[in-house]
1. Could you please give the count of residues in the stretch 118-141 that are aromatic (Phe, Trp, Tyr) and under 18 Å from Arg72 (Cβ atoms)?
2. So which residues in the stretch 141-151 are part of a loop (DSSP other than H, G, I, E, B) and either touching a residue at least 60 places away in the same chain (Cβ under 8 Å) or surrounded by 14 or more Cβ atoms within 10 Å (Cβ to Cβ) (or both)?
3. With respect to Ser115, is the statement that it is touching a residue at least 60 places away in the same chain (Cβ under 8 Å), among the hydroxyl-bearing types (Ser, Thr, Tyr) and touching a helix residue (DSSP H, G or I) at 6+ places or on another chain (Cβ under 6 Å) true?
4. Taking only pairs six or more apart or across chains, which ones have beta-carbon atoms under 6 Å, a first residue in the stretch 185-210 that is of a type outside the set (Lys, Arg), and a second residue that is at pLDDT below 90 and not in a helix (DSSP H, G or I)?
5. Kindly evaluate Trp201 against the criterion of being surrounded by fewer than 20 Cβ atoms within 10 Å (Cβ to Cβ), touching a Leu at 6+ places or on another chain (Cβ under 7 Å) and closer than 20 Å to Ile24 by Cβ.
6. Does Leu180 qualify as being loosely packed, with under 10 Cβ neighbours inside 10 Å and free of Cβ contacts under 8 Å to residues at least 12 places away in the same chain?
7. Of the residues Ser121, Ser197, Ser140, Ser116, only one is at pLDDT below 85 and not aliphatic (A, V, I, L, M); which?
8. Could you list, in sequence order, all residues of the stretch 7-39 that are more than 19 Å from Trp73 (Cβ to Cβ) and either in contact (Cβ under 8 Å) with a residue 60 or more places away in the chain or polar (S, T, N, Q) (or both)?
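The values are calculated or read from the model by the stated rules, or taken from the named source; none is laboratory data. This structure is a prediction, so every number in the text was calculated from the model and none was measured. Glycine gets a Cβ as well: all are built from the backbone with ideal geometry, and neighbour counts include every protein chain shown.
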Amino acid sequence: MKNMKLLAGILVFGSLWGFSEVIIGSGLKDSGLPSGAIMTGIFAMMFLVFSRLLYRQPGMQLGMGLVAGGLRWFNPFVGCHICSAFAIVGEALIFELIWYKVKDMELLKTMTLQSSMGVISSYGVYVGGYIITQILTPLSVGRFSFSNLLVLIPQIFASGLLAALLGACIVPLAVATASLNISVHDRLYYPATIGISALCWCIVIITWFTAGA
């Protein structure tokens, strides 16, 4: 039963993450805003941190990244589908490494610790995901150049500042939300998680078909 709850949690939080990347992230990009840093600093960190503290299960966030990355493939808007999917999975992997030993709120008792962890996590997740996609995307078409990556490194490191600042605010919010100890009865938990996940996928896929029509 516990494993089924965990799988349902991976599905719903991964779907919400992917949905926000497709719909909100694309809108931010079209508006000329730094969508990558904003999406990582706000949405990715909220879903990743909240789910880690709620379920206390390392490895769950990587599963969420795979779900969100898969949903990102159906992005109906202009942009690189594969690089975004790689970035999302990369962010989830980096988060798992940073939060490897953080399973509950005992290590995040003070606001200072929470904000500090938010800065470190958000910056590391954003920069790490950015670098990973800059490696894997060219490799997927056989055109990777290490010298091209080196040229981008200063820009990548600098662009992570906004994500770090946002993370300093979002992680304490995620901790406070998780501390509410919200519980849902099994009779509502499974229909709710499956329904929300299905809604996210249906909206993205329908929009994808509509945009391609």
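1. To start, the set of residues in the stretch 118-141 that are aromatic (Phe, Trp, Tyr) comprises 123, 126, 130.
From what's left, under 18 Å from Arg72 (Cβ atoms): 126, 130.
Adding up the residues that qualify gives 2.
2. If the condition is that a residue be part of a loop (DSSP other than H, G, I, E, B) and either touching a residue at least 60 places away in the same chain (Cβ under 8 Å) or surrounded by 14 or more Cβ atoms within 10 Å (Cβ to Cβ) (or both), then Phe144 is the only one that fits.
3. On the way: touching a residue at least 60 places away in the same chain (Cβ under 8 Å): no; among the hydroxyl-bearing types (Ser, Thr, Tyr): yes; touching a helix residue (DSSP H, G or I) at 6+ places or on another chain (Cβ under 6 Å): yes.
Taking the combined requirement at face value, the residue does not satisfy it.
4. Listed pairs, sorted by first residue: Val204/Phe74; Ile205/Phe74; Thr207/Pro76; Trp208/Phe74; Trp208/Pro76.
5. On the way: surrounded by fewer than 20 Cβ atoms within 10 Å (Cβ to Cβ): yes; touching a Leu at 6+ places or on another chain (Cβ under 7 Å): yes; closer than 20 Å to Ile24 by Cβ: yes.
Yes.
6. On the way: loosely packed, with under 10 Cβ neighbours inside 10 Å: yes; free of Cβ contacts under 8 Å to residues at least 12 places away in the same chain: yes.
Yes, satisfied.
7. Details: Ser121 fails: at pLDDT below 85; Ser197 fails: at pLDDT below 85; Ser116 fails: at pLDDT below 85.
It is Ser140.
8. Those that are more than 19 Å from Trp73 (Cβ to Cβ) and either in contact (Cβ under 8 Å) with a residue 60 or more places away in the chain or polar (S, T, N, Q) (or both): Ala8, Gly9, Ser31, Pro34, Ala37, Ile38.
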